[in-house]
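Worksheet: one structure, shown below.
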Amino acid sequence: MFSPGGANAAELAIVIDDVGYHQIRGMRAIALPGPVTIAVLPHAPNTAYLVRQASRSGKDIIVHQPMQAHPSAHASRERRTLMLDMHEQEFARMTAAALDAVPGRIGLSNHTGSLLTAHRAPMQQLMTLLRQRDLFFLDSRTTAATVAWDVAREHGVPAVRRDVFLDHDPSPQAIHLAFERALQIARRKGRAVLIGHPYDISLDYLEARLADLPADIKLVTVAELALRQTQFSRPAMLAQPPRLASPHISPGP
């Protein structure tokens, strides 16, 4: 049982994925109240501008790295997607380029990746690279077969998993039900991770809802949850105190 607003309040971490294409919606995501994490596509047209704005606003920033998905009628491949058949050197070069394209990033999550995240070898290489840079990993869980979170923990990388997609069905009723489900999970488990996208309908909902959260819900950064759940010391890159301030994706389990 969580006491309203107390030390035992249920914790909710919110991440906005796919930031980098649309400047206005990206700025709306950055302007959301509280410690909302901004996940940017590393090579999108407006990424550099939006990363600067997010940093100035005190938001945590993570790289939303494109990864290979299972083929489907509506799947589209993002630029510089990590692929299963890549040579290790190309995989490392492309990952490094993505990380270098996002100054101030403190973690990485997968964009799509229903195929790649189900294979241990590329996930082992990815976690080795993240560990070298003191970054955490957010498993977006675009497939029930993902091994990414398990591999992250095996490699000593702080990691956390997505619980709910806010807007897999981008309709008002579905978005509301998804948000309520995230609150229920947080109350039951003590914490939940909610991932949304910079759709106008999603941003409209979050702008209103985050201004009036229930008293027993505490908004936290996803980095806080990753570090606490894996029981690791805060890495050097995360040593500072926490800062306050899509249809193409499989819903996962």
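Annotations
- Overall form of the chain per C-alpha gyration tensor (a/c, 1.5; a/b vs b/c): rounded
- Look at the dipole of the chain built from charges on Cβ: of Ala10, Gln173, Ala39, the Cα furthest out on the positive end belongs to Ala10.
- Portion, in percent, of the accessible area of the chain that falls on carbon or sulfur, probe 1.4 Å: 52
- Across the stretch 115-193, the relative contact order, built from alpha-carbon pairs under 8 Å that are at least six residues apart, equals 25 percent.
- Per residue solvent-accessible surface (Å²) - the chain, probe of 1.4 Å: 43
- Between the stretch 65-107 and the stretch 158-175, the alpha-carbon center distance in angstrom: 22
- Taking Cα centre as origin and charging only the Cβ of basic (Lys, Arg, +1) and acidic (Asp, Glu, -1) residues, the dipole magnitude of the chain rounds to 460 debye.
- In the stretch 48-129, a dipole from Cβ-located charges (positive for Lys and Arg, negative for Asp and Glu) runs towards its positive end, and of Gly113, Thr128, Leu99 it is Leu99 whose Cα lies farthest in that direction.
- The peptide list 83-96, 153-166, put in order of mean Cβ contacts within 10 Å with the highest first, becomes 153-166, 83-96.
- Packing rank of 44-52, 111-119, 215-223, where each peptide gets the mean count of other beta carbons within 10 Å, highest leading: 111-119, 215-223, 44-52
- With contributions of -39500 (n - 2.57) from each DSSP H run of at least four residues, the per-residue ellipticity at 222 nm computed over the chain stands at -10500 deg cm²/dmol.
- Cα lying deepest toward the dipole's positive end in the chain, options Val160, Thr142, Leu206, charges on Cβ: Val160
The values are calculated or read from the model by the stated rules, or taken from the named source; none is laboratory data. Remember, it's a predicted structure, so these values are computed and weren't measured experimentally. Cβ: placed from backbone, ideal geometry, glycine included. Neighbour counts: every protein chain shown. SASA here: full protein model, heavy atoms, side chains in, ligands and nucleic acids out. Shrake-Rupley method; radii C 1.70, N 1.55, O 1.52, S 1.80 Å.
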